[in-house]
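The values are calculated or read from the model by the stated rules, or taken from the named source; none is laboratory data. It should be emphasised that the depicted structure is a prediction, and the values quoted were computed from it without experimental measurement. Every residue, glycine among them, receives a Cβ derived from its backbone with ideal geometry; neighbour counts consider all protein chains shown. The protein model used for the area step is the full one, side chains on, heavy atoms only, and it has no ligands, DNA or RNA in it. Shrake-Rupley method; radii C 1.70, N 1.55, O 1.52, S 1.80 Å.
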Amino acid sequence: MGVAEEEWAVLMRAAMAGDEVAYRAFLTAITPSIRATARRNLSRFSLGASEAEDVVQDTLLAVHLKRQTWDQGRPIGPWISAIARNKFIDLMRRRGRNAQVPIEDVIETLAAEDNETALDNYDVQRMLDNLNEKQRAVVRSLAIDGASVRQTAERLNMTEGAIRVTLHRAVKALAAIYREQNK
Amino acid sequence: MKTDDLITALVADRGARPMKPRDAVMAAVAAGAAIAAILFFSILGSRPDIATAAETYRFLFKFVVTLTLALSAIALALQVLRPEVSLGRRLWLIAIAPVLLLLAAAAELVVMPSSTWMPRLIGHNMRFCLTMIPLLSIAPLAAFLWALRQGAPANPGLAGAIAGLAAGGIAATFYASHCTDDSPLFVMTWYSLAIGLVTVAGYFAGRRWLAW
């Protein structure tokens with residue numbers, strides 16, 4: 001098990017125990033590796049790197065919603081790789097290709113391709129478009145404006161509990177967008 | 001939405017903690033079996049001569065087969081929850097119950113005269129068997145599919161089929177105590193067909209509902 005993988009596992013264990021800082025650090029740490037793997041796979045199928053961010057966001061959503069499927073006693077690298085691969089295959093299916101994607105270790109591509117940061121700020125537009133008005137307002141306030149749950153609650157005249165429920169529904173809706181399109 | 005913003009949203013959502021998928025499977029076993037039991041005892045009930053039947057190998061062997069099937073399928077269901085798992089050789093677990101059954105059927109052919117083979121295979125209740133096992137499977141199958149939805153199976157169709165086998169195994173265990181056809185020849189033919197139907201239903205349901 002590599003150093004990075006060990007670090008990720010430590011962060012994720014702390015995150016699952018409720019540590020907010022560790023969770024952010026975990027998601028931030030795995031993102032470049034997921035992105036690099038996605039780009040490499042896309043170029044293998046002669047697709048542009050602009051699609052990579054779709055895969056990255058889809059993978060992060062699945063990592064988040066399915067985090068309980070990681071067995072904390074097992075290595076985390078293969079778990080992340082499997083999720084990333086599943087999301088890449090989804091993308092290929094949407095493009096009408098039946099891709100045979102090799103199982104690739106996300107960790108092996110670790111931070112090797114940091115020179116391509118230009119696209120990191122790529123805005124995945126479809127994300128917010130697919131939410132209802134209330135969900136969009138909550139996500140915008142929490143994620144883009146960086147407001148706290150309490151501030152968001154005051155601003156939108158909702159209870160903090162209602163904000164949390166709306167956010168969770170919004171996250172599930174974001175994860176379901178592509179799945180609906182696949183059907 | 002930018003990826004950094006998405007991460008902020010996910011961090012904010014960390015309080016909504018989903019159920020542990022392993023717990024969900026165990027809950028599904030309990031709930032599915034309980035509903036199947038209620039249904040079974042309200043519309044069928046075990047056969048009146050169960051006390052004497054329980055002294056025969058043939059009757060008892062039905063439970064060996066159905067419970068083996070249910071337990072091995074549940075063991076695999078606990079595995080397929082994790083996205084990085086490919087069952088590979090563990091899939092052979094599923095073969096244990098059919099192999100036991102084939103051996104018993106072969107033994108039946110050896111010890112019984114050939115004139116009794118067909119009557120034993122056809123039995124008395126094949127239509128009933130083909131109806132009741134799938135009917136008793138519905139609740140356990142729904143429960144297992146719900147539980148597997150909490151997981152992230154790499155192959156949704158396979159996961160659904162495993163749910164079908166587990167549900168069929170549970171249903172057949174109840175049905176076996178009602179059914180008066182105890183010959184392995186009957187079990188091999190009609191129980192397999194009934195459980196096979198549930199498995200196919202599970203496969204398609206899995207493809208439909210277990211993708212994530």
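Select, from B:ALA104, B:ALA147, B:ALA97, the only residue that is closer than 13 Å to B:SER192 by Cβ and in contact with a Pro (Cβ under 9 Å, 6 or more places away or on another chain).
Numbers: B:ALA147 fails: closer than 13 Å to B:SER192 by Cβ; B:ALA97 fails: in contact with a Pro (Cβ under 9 Å, 6 or more places away or on another chain).
The match here is B:ALA104.
Could you say whether any residue in region B:114-135 is in contact (Cβ under 8 Å) with a residue 60 or more places away in the chain and on the phi > 0 side of the Ramachandran plot?
yes
Any chance you could count how many residues in region A:6-32 are part of a helix (DSSP H, G or I) and within 13 Å of chain B (Cβ to nearest Cβ)?
Applying the first criterion (part of a helix (DSSP H, G or I)) to region A:6-32 yields A:6-16, A:20-32.
Adding the requirement that they be within 13 Å of chain B (Cβ to nearest Cβ) leaves A:11-12, A:14-16, A:20-32.
Number of matching residues: 18.
Take the residues in region A:23-50 that are open to solvent by 10 Å² or more (accessible area, probe 1.4 Å) and in contact with a Lys or Arg (Cβ under 8 Å, 6 or more places away or on another chain), then tell me which one is modelled with the highest pLDDT.
A:PHE45
Considering (1) open to solvent by less than 40 Å² (accessible area, probe 1.4 Å); (2) modelled with pLDDT of 95 or more; (3) of a type outside the set (Gly, Ala, Ser), say which one B:LEU158 fails and leave the rest.
Every listed condition holds for B:LEU158 apart from (1).
Quick check on my filter: what residues within region B:135-155 are surrounded by fewer than 24 Cβ atoms within 10 Å (Cβ to Cβ), closer than 15 Å to B:TYR203 by Cα and over 11 Å from the mean Cα position of the chain (by Cα)?
Going through region B:135-155, the residues surrounded by fewer than 24 Cβ atoms within 10 Å (Cβ to Cβ) turn out to be B:135, B:138-139, B:142, B:145-146, B:149-150, B:154-155.
From the residues that got through so far, the ones that are closer than 15 Å to B:TYR203 by Cα too are B:138, B:142, B:145-146, B:149, B:154-155.
Scanning region B:135-155 gives B:ALA142, B:LEU145, B:TRP146, B:ARG149, B:ALA154, B:ASN155.
Looking at this structure, is B:VAL11 open to solvent by less than 30 Å² (accessible area, probe 1.4 Å), touching a Gly at 6+ places or on another chain (Cβ under 8 Å) and within 14 Å of chain A (Cβ to nearest Cβ)? Steps first, please.
Details: open to solvent by less than 30 Å² (accessible area, probe 1.4 Å): yes; touching a Gly at 6+ places or on another chain (Cβ under 8 Å): no; within 14 Å of chain A (Cβ to nearest Cβ): yes.
No.
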